[in-house]
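Before any comments, here is the structure.
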Amino acid sequence: MNEVSTDIIAEDRMIQDAFELLLKSYSQSNHRQKFEIINKAFMFANQAHKGVKRRSGEPYIMHPLAVALIVSEEIGLGSTSICSALLHDVVEDTDYTVEDIRNLFGDKIAQIVEGLTKISGGIFAEAASAQAENMRKLLLTMSDDIRVILIKIADRLHNMRTLGALLPAKQYKIAGETMYLYAPMAHRLGLFAIKTELEDLSFRYEHPDEYRQINQKLDATAKDLEKIYENFATPLYSRLDELGLQYKMQKRVKSIYSIWNKMNTKKVDFEDIYDIFAVRIVFEPQPNIDVKKQCWDVYSAITNLYKLRPDRIRDWVSRPKANGYQALHLTVMGPDGQWIEIQVRSTKMDEIAEKGFAAHWKYKEHGDSEKIEEETELDRWLERIQDILEAPSPNAMDFLDTIKMNLYASEIFVFTPKGEIKTLPQGATALDFAYEIHTNVGDRCIGAKVNHQLVPLSHKLNSGDQVEILTSRSQSPQQEWLNFVTTAKAKTKIESTLKKRKKEKIKEGDQILEEIFKKAGIDNSIQILDKMLAYYGYPKKEDLYFAIAEKRVELLPESLKKVAKEKTSNYFVKLMKAFNVGSGSKENAENKNAEIPLANAGQIDRKKTYILEEEGFQKNYIAAACCNPIPGDDVLGFIRDDECLEIHKRACPVALTLKTRFGDRIISCEWAGHKAFSFPGQIELKGIDRIGLLSEIAQVISNDLSVNMRKLNISSGDGFFEGTIEVTIHDVDDINTLINRLQKIKGVKSVKRMD
C-alpha cells in the first residue's frame, strides 16, 4: 500500500471518528432523535468539500463537524441546527446553491444556511469595513431565526481554537473582531462559557507574554487557592446538608482575560485581586417549594456561618438579566480572612447560565423541534434591534457601534408611574427612558420627575427609580441630545429626526440663495457656486445651504456680486484652504501642515512581521497618540488612508475598533532595539507621606537610573500622597526598572505606568 492511499485511509478514519463523536453527543441530548437527516447532511457536506484542506492541513470537513459538535454539546441545539452547521460553508465554498439545499433538506435548514452565507459575505468578511447593509442582513436574519447567530458564534469559536495556523496580522484582525462583536454577542445571548473562551483566546493571541505570565501565576497559586476553598467549604457542607437539598459545590477560577482586565481597569497587581475564584452552589429544586425561597434558604445557611459583605449582594433570581441569567450572588469573609464570592443557582438556572437561551427553548410545531414557546427578554431585545433597523445611521461603522453599544451593557430596572418595569442599559438617562416608552414621548420630552424630584433630560437613572416624563407639544429633538443618550433606539430616532430636519433646511437654504441670485442679476452656475463655497469656507453645497437657512451666513446681493467677480488666483487659494481644512479653521490648517511626511506604507509586505527599526521612527512609522506605545509594548501596525504606518498597542481601544473595521490594513509589528531615541512616559504613585520622600523619588529617577524627568506633580493630605511623574525613556525595560526601584522606597504603596 503506497503512502498516498495510507494518508487517505487515515483521513477517512479521522473524519468518521469526528462524525461518530457528534452522533454520540446528539444521542445524549433531550431532542427527538433524527439521525437520518443528520447523516444525510454529513454525507452531502463531506462530498461537497472532498479534497479541500484547511490551512492547518486537515480535511476541510473537520471544520463543519467541529462547529456542529459545538452547536450540539456546548449550545444544546437540535437536528435542524446541527444539519445547518454541517452545511454552513457549502453554498459559499462550492458550486451548490441555496435552492439545492432547500430541495434536499427543506425550507428551514435552507433559510438558516442562507443567513449564515450572508453573514460570511457581510460585516464579518475581509472587506466588510463600510457596509452597514450587511449588518442589517445579519440582524434581520437573527431576529427571524436566532439560530443563525448561534451557529455563527460556534463557527467563530472553532476558528479561534484553530487560529494558530494563521499569520500574526490575520490573528490580530480575527481576535480583534471577536472581542469587538462576537464575545459581546455571546454574552448577550447568555452563552457565558463560550463568551469567556472567546475572550481568553483573543487575549492569548494578542498578548501572549501577559497571558503566559498570568497563567503561570495561577499555576503557582493553585495549591493555596485549593486550601482556601477547602477551609471555606468543609464547614459549609453540614449546614447545606441540613436543608435536605441535593447539591454540588465547586470552585470556578476567574478567566485569564478577566484577571488581566481587572488588573488594568483597577490598576492593581495580580496579588491584589481578591476574587480570583468564586464558589458555585448548584441544587436540584425540591418539588412544591418555590425555587426563589430555596435560593434564599441556601443564602441563610451561608450567612449564618460566614460574615456577609452587604454591598456585594446581587439578586438575579427575582429579576433575571436580559440574557436570561438567573442566580443569587453574595460575598462573605472566609475563614482565611479572604472575601469569597458565592453563586447560588438551581440546576435549570445553571444550564441557562452555561448554554444561554437555547437551554430553555421549547420545541413543538410541525415536527420542527426548535421553536420558542414564550416571549422572553431575548424577544424584547430583538424588538429593540428592529427599532434600530428602521432608521440606521448612514455611516456603516457608526451603525455598527450603535449595535455594539447595546450588546454588552449591564441592565438597570426602572419603573413607570403605574409601576411597569422597563429594562435599560446601565448609564441610561431620563431621555433614554422617554424613548423607551414611545418615540413621540421622547421627541416631546422637556424633563422628568425621578422619584418625584424634577431632573433634566441628561439625568442618569439608577435601578429602582420611578420615572415620570414631562412633555411639551412645542418641543422637538435637538443636536445636543445625542450627547446624553446611551440606547441605540434613542440615538437612531434622534438622528433620524435631525437628518429629516436638515434636509428641509437645506431645501430652504437653496431657495433663499436662488432668490438672492435673481435680485443680484447673476446666473446660478457651478462655477459661481464653487467660488461661494471657497469664499465662505464650506466643502459641500449642502453645508452652505444649511448655513444660509440657519442664518449663519449673511448674504446680500452686493456681496454676491463681489464673489462672482473675484480673481481666479485668489479664488483658488481660498478653495484649497476650504478643502484642506474642511471647515476653514486656521488651527486645523496649521495642524495639517505640521504633520510629518512619512514613507509610503504601501511598500510594506503585509504578510510578514514588520520590524520597527530605530532609525525608522518618525520616518517610516509614527506612534499613535491615543495609546503612546513605546518599544517593548505589544503592538500592531495600521496602514492609514494616506498610506502612513501608525503603531498602536494591541490593547488600545482604538486598535480594537480598527481590527474590526479595517482588518486587511492591520500588519504584525515587532520592535528592534531602541536606545538612541527617547519616548514620553508617565507614572502614577500613591503612598504614605513622610519627610524627605520627594527628595528620594527625585534621586532615584535622576541619579540612580539616569532617566530624564520632565515633570513632577505630587500632592499630599491626611498623611497620604499621590502624584504623577512624566519622564523620557527608551523602552518598556526602562519604565519597568524605574517602577521597580520606586516601589522599594519606604512609604510608596503603588506605582503604575499610565497610558
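The values are calculated or read from the model by the stated rules, or taken from the named source; none is laboratory data. All values derive from a computational prediction rather than experimental measurement. Glycine gets a Cβ as well: all are built from the backbone with ideal geometry, and neighbour counts include every protein chain shown.
See the values below:
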item	result
Tally of residues being small (Gly, Ala, Ser), surrounded by fewer than 23 Cβ atoms within 10 Å (Cβ to Cβ) and touching a residue at least 60 places away in the same chain (Cβ under 8 Å) across the stretch 471-499	1
Members of the stretch 495-553 found to be part of a helix (DSSP H, G or I) and of a type in the set (Lys, Arg), listed by number	LYS499, LYS500, ARG501, LYS502, LYS503, LYS505, LYS507, LYS518, LYS519, LYS531, LYS541
Failed item in (1) within 26 Å of ILE611 (Cα to Cα); (2) modelled with pLDDT of 90 or more; (3) among the hydrophobic types (A, V, I, L, M, F, W, C), with LEU167 passing the rest	(2)
Hits in the stretch 255-292 (condition: among the β-branched types (Val, Ile, Thr) and part of a helix (DSSP H, G or I))	ILE256, ILE259, THR265, VAL291
Qualifying positions in the stretch 339-372 - at pLDDT 85 or above, surrounded by fewer than 16 Cβ atoms within 10 Å (Cβ to Cβ) and not aromatic (Phe, Trp, Tyr)	THR347, LYS348
Per-region count, the stretch 23-45, residues in a helix (DSSP H, G or I) and under 22 Å from GLY106 (Cα atoms)	13
Pick from the stretch 624-644, criterion small (Gly, Ala, Ser) and under 15 Å from LEU658 (Cα atoms), ranking: modelled with the lowest pLDDT	ALA625
Condition check for ILE119: crowded, with 19+ Cβ neighbours inside 10 Å, β-branched (Val, Ile, Thr) and either assigned to a loop (DSSP other than H, G, I, E, B) or modelled with pLDDT of 90 or more (or both)	no
One residue from ILE112, ILE82, ILE70 being crowded, with 18+ Cβ neighbours inside 10 Å, closer than 25 Å to ILE352 by Cα and touching a Phe, Trp or Tyr at 6+ places or on another chain (Cβ under 7 Å)	ILE82
Where a residue in the stretch 225-236 is touching a residue at least 60 places away in the same chain (Cβ under 8 Å) and its partner, wherever it lies, is surrounded by 15 or more Cβ atoms within 10 Å (Cβ to Cβ) and part of a helix (DSSP H, G or I), with Cβ under 7 Å and at least six apart	LEU236/ILE302
Answer residue from the stretch 296-318, given it is charged (D, E, K, R) and surrounded by 13 or more Cβ atoms within 10 Å (Cβ to Cβ) and is nearest to PHE232 (Cα to Cα) among those	ARG309
Which listed residue, of LEU457, LEU470, is assigned to a strand (DSSP E or B) and either out of contact with any Leu (no Cβ under 9 Å at 6 or more places or on another chain) or of a type in the set (A, V, I, L, M) (or both)	LEU470
Among residues of the stretch 46-63, those that are part of a loop (DSSP other than H, G, I, E, B), out of contact with any His (no Cβ under 7 Å at 6 or more places or on another chain) and under 22 Å from THR97 (Cβ atoms), counted	4
Of the criteria (1) closer than 18 Å to THR423 by Cβ; (2) loosely packed, with under 15 Cβ neighbours inside 10 Å; (3) in contact (Cβ under 8 Å) with a residue 24 or more places away in the chain, which one LYS507 fails	(1)
Of all residues in the stretch 314-333 being outside any loop (DSSP other than H, G, I, E, B) and over 16 Å from THR347 (Cβ atoms), the one that is farthest from the chain's Cα centre (by Cα)	MET333
Selection status of THR439, in contact (Cβ under 8 Å) with a residue 60 or more places away in the chain, of a type outside the set (Lys, Arg) and either outside the structural domain of ARG319 (by TED's automatic domain parsing) or farther than 22 Å from ARG319 by Cα (or both)	no
Selection count, the stretch 49-59, where residues are in contact with a strand residue (DSSP E or B) (Cβ under 9 Å, 6 or more places away or on another chain) and under 17 Å from GLY164 (Cβ atoms)	1
Condition met for GLU206 (among the charged types (D, E, K, R), surrounded by 14 or more Cβ atoms within 10 Å (Cβ to Cβ) and closer than 30 Å to LEU150 by Cα)	yes
